[in-house]
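All remarks here apply to the structure that follows.
The values are calculated or read from the model by the stated rules, or taken from the named source; none is laboratory data. Keep in mind that this is a model prediction, so the values were computed, not measured. Reconstructed Cβ throughout: ideal geometry from the backbone, glycine too, with neighbour counts over all protein chains shown. What goes into the accessible areas is simple: the full protein's heavy atoms, side chains included, and nothing from ligands, DNA or RNA. Shrake-Rupley method; radii C 1.70, N 1.55, O 1.52, S 1.80 Å.
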Amino acid sequence: DAGVTQSPTHLIKTRGQQVTLRCSPISGHKSVSWYQQVLGQGPQFIFQYYEKEERGRGNFPDRFSARQFPNYSSELNVNALLLGDSALYLCASRSGQGAYEQYFGPGTRLTVT
Amino acid sequence: LAKTTQPISMDSYEGQEVNITCSHNNIATNDYITWYQQFPSQGPRFIIQGYKTKVTNEVASLFIPADRKSSTLSLPRVSLSDTAVYYCLVGDGRGSTLGRLYFGRGTQLTVWP
């Protein structure tokens, strides 16, 4: 079975632009979470979606939004990009609310210039 | 959520056993202790989870004393490929909040030949 996949792998944007990152969870997994990892830091929680509904949101501005589709894939959108948004964006999936193990994708490296 | 404290870095040699200790003085009754491993430019990977006493799997062992205020991840006979950042997380292991994992800065383990 394929693991969590994310696209694109790398992305370069300029300040003020908008970006959409995509994630496909492991087949059968209904929960998707997004994390931002700045160089030298641990991943920081952004969003959690379960059964297409937002179930949690971290301390990020409204420029960050996400959604989950009927096939459980997910998109993370970031508007009005800032230099500080440069980071590795990670997507993780788990089978359900009661599952304790999260499976992470390889991430999307976003560089804002 | 309980805050965790772990060493910033550790060094070891191939074939040695490595023990990484994590402090979590404010752990709650419902909290589980989970360890993740992360290689550069990859998403974190689940290693092991436990609630009390000792848990062992094919990769590592997790030792948790009776007061649960600390835990020790033990990696037997490390190899160069075990060089990575190791994160200790504390939180509700089976509830909806698990969708939001809280990572600290982790411990950079470097294994030398």
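Details
- Electrostatic bookkeeping for residue A:53 treats Lys and Arg as +1 and Asp and Glu as -1; over the other residues with beta carbon under 11 Å from its beta carbon, the sum is +2.
- With the charge dipole of chain A set up from +1 on Lys and Arg Cβ and -1 on Asp and Glu Cβ about the Cα centre, the Cα lying farthest toward the positive end among the listed residues A:5, A:81, A:103 is that of A:81.
- Accessible area expressed per residue, region A:62-113, with surrounding protein chains retained (probe 1.4 Å, Å²): 37
- Top of A:17, A:41, A:102 by mean-square fluctuation, Gaussian network on chain A, Cα under 10 Å: A:41
- Sulfur and carbon atoms: percent of accessible area, chain B [1.4 Å]: 50
- Within the listed set B:61, B:70, B:81, the residue fluctuating most in the Gaussian network model of chain B (springs between alpha-carbon atoms under 10 angstrom) is B:81.
- Only lysines eight or more places from residue A:52 in sequence, or on another chain, were considered; those with a Cα closer than 24 Å are A:30.
- Ordering of B:82-89, B:40-47 by burial proxy (mean other Cβ atoms within 10 Å per residue, highest first): B:82-89, B:40-47
- Net charge dipole, chain A: roughly 220 debye, given to the nearest 20, about the Cα centre with Cβ charges of +1 for Lys and Arg and -1 for Asp and Glu.
- At 1.567 mPa s and 4 °C, Stokes diffusion of the protein assembly as shown via Kirkwood alpha-carbon radius, µm² per second: 72
- Cut-off 11 Å between beta-carbons: net charge of the residues surrounding residue B:33, Lys and Arg +1, Asp and Glu -1: +2
- Cα-centred dipole magnitude for the protein assembly as shown, charges only on beta-carbon of K, R (+1) and D, E (-1), debye, nearest 20: 460
- Normalised alpha carbon radius of gyration of region B:1-67 [divisor 2.2 N^0.38 Å]: 1.20
- Near residue B:14: Cβ cut-off under 14 Å, other residues only, Lys/Arg at +1 and Asp/Glu at -1. The net charge is -2.
- Computed magnitude of the charge dipole of region B:1-61 (debye, nearest 20; Cβ of K, R +1, Cβ of D, E -1): 280
- Debye intensity ratio in log₁₀ form over the Cα atoms of region B:23-113, taken at each q of 0.10, 0.11, 0.16, 0.20 Å⁻¹: -0.25, -0.31, -0.65, -0.99
- Dimensionless Rg over Rh [region A:21-113; C-alpha; Kirkwood]: 0.95
- Hits among lysines - C-alpha to C-alpha of residue B:69 under 20 Å, sequence gap 8 or more where chains match: B:3, B:52, B:54
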